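Beneath this line is the structure, given in structure tokens, with notes to follow.
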Amino acid sequence: MRGITIALLVLLVAQFWLGMSINLEVSLPVMHLGAIGSLVYYGGHFRFVLAHIVNGSAILALSLALLGSALKTRSAALKASSAITVASVTGAITNGVLFLMSGQFFGFSIGMAMSAVSVLLSCAAILYYVGLHMGLAEPNIGQGN
């Protein structure tokens, strides 16, 4: 679980960077397309948007793998934190699609950002519980371990 969570956090940092790059450097035309149309149009015309979409899909896949891994444990905290992670990732994706569909309404951009913060917090909780309760913390160096 620790490896999946760390990989998820690395992808989340990349997603943040891509989102900020799009926000600051890419001028997207305002179009009112459907969900699929928006993803196809913007992803097909803007490399950073395509990278953002692909990375978001990878984040969703990892969050689902994390939930699957958590469901195999007896820890209710890990199950709940992983479910919150999936819900937060789903919220970010939904807000992202709505952002593109709406002609780039700012509120959906904030929704993406707040969902990402929720993913960060839930991943931090997962790493805490994995280290503390699952016996997967790093061994103490220099204490005969």
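The values are calculated or read from the model by the stated rules, or taken from the named source; none is laboratory data. None of these values were measured; they are calculated from a predicted model. Methodologically, a virtual Cβ is constructed for each residue, glycine included, from the backbone with ideal geometry; neighbour enumeration extends over all protein chains shown. Heavy atoms of the whole protein, side chains included, go into the accessibility calculation; ligands, DNA and RNA do not. Shrake-Rupley method; radii C 1.70, N 1.55, O 1.52, S 1.80 Å.
Give me the extension gain from Leu64 to Met20: residue separation times 0.36 nm, minus the current Cα-Cα distance, reported in nm with one decimal.
Extending this stretch completely gives an extra 13.3 nm.
To the nearest 500 deg cm²/dmol, what mean residue ellipticity at 222 nm is calculated for the chain from DSSP H runs of n ≥ 4 alone, each contributing -39,500 (n - 2.57), summed and divided by the residues? Don't skip to the end; give the middle numbers.
Numbers: 5 runs with 114 residues, N = 145.
Helix contribution divided over all residues of the chain: -27500 deg cm²/dmol.
Leaving out ligands, DNA and RNA, what percent of the accessible area of the stretch 16-145 is carbon and sulfur, probe 1.4 Å?
Here it works out to 69 percent.
For the chain, what is the relative contact order in percent, using Cα pairs closer than 8 Å and at least 6 residues apart in sequence? Provide the component values of the computation, followed by the final result.
Values: 142 pairs, mean separation 39.8, N = 145.
Averaging sequence separation for qualifying contacts and normalising by length gives 27 percent for the chain.
Quick check: pseudo-label points 7 Å beyond the Cα along Cα→Cβ at Val10 and His45, how many nm apart are they?
Simple spin-label model gives 3.4 nm for this pair.
For the chain, with every protein chain kept in place, what is the accessible area per residue (1.4 Å probe, Å²)? Intermediate results must be reported in sequence, preceding the final value.
Working: 8330 Å² over 145 residues.
For the chain, the solvent-accessible area averages 57 Å² per residue.
Between Lys72 and Phe106, with labels modelled 7 Å along Cα→Cβ, what's the label distance in nm to one decimal, could you check?
About 4.6 nm, to one decimal.
Provide Ile4, Ile93, Ile36, Ile22 ordered by accessible surface of protein heavy atoms (probe 1.4 Å), highest first.
Result, largest first: Ile36, Ile93, Ile4, Ile22.
Filter the trypsin sites (Lys or Arg not before Pro) in the stretch 66-109 down to the DSSP loop ones having no more than 13 other Cβ atoms within 10 Å, then list what survives.
Lys72, Arg74
List every DSSP H helix in the chain whose Cα atoms extend 27 Å or more along the helix's own long axis and whose mean Kyte-Doolittle hydropathy is at least 0.5. If you can, show how the numbers build up before the last one.
On the way: long enough: 2-25 (34 Å, 1.45); 47-71 (36 Å, 1.66); 76-101 (37 Å, 1.38); 106-133 (40 Å, 1.63).
Span-like helices, by this rule, are 2-25, 47-71, 76-101, 106-133.
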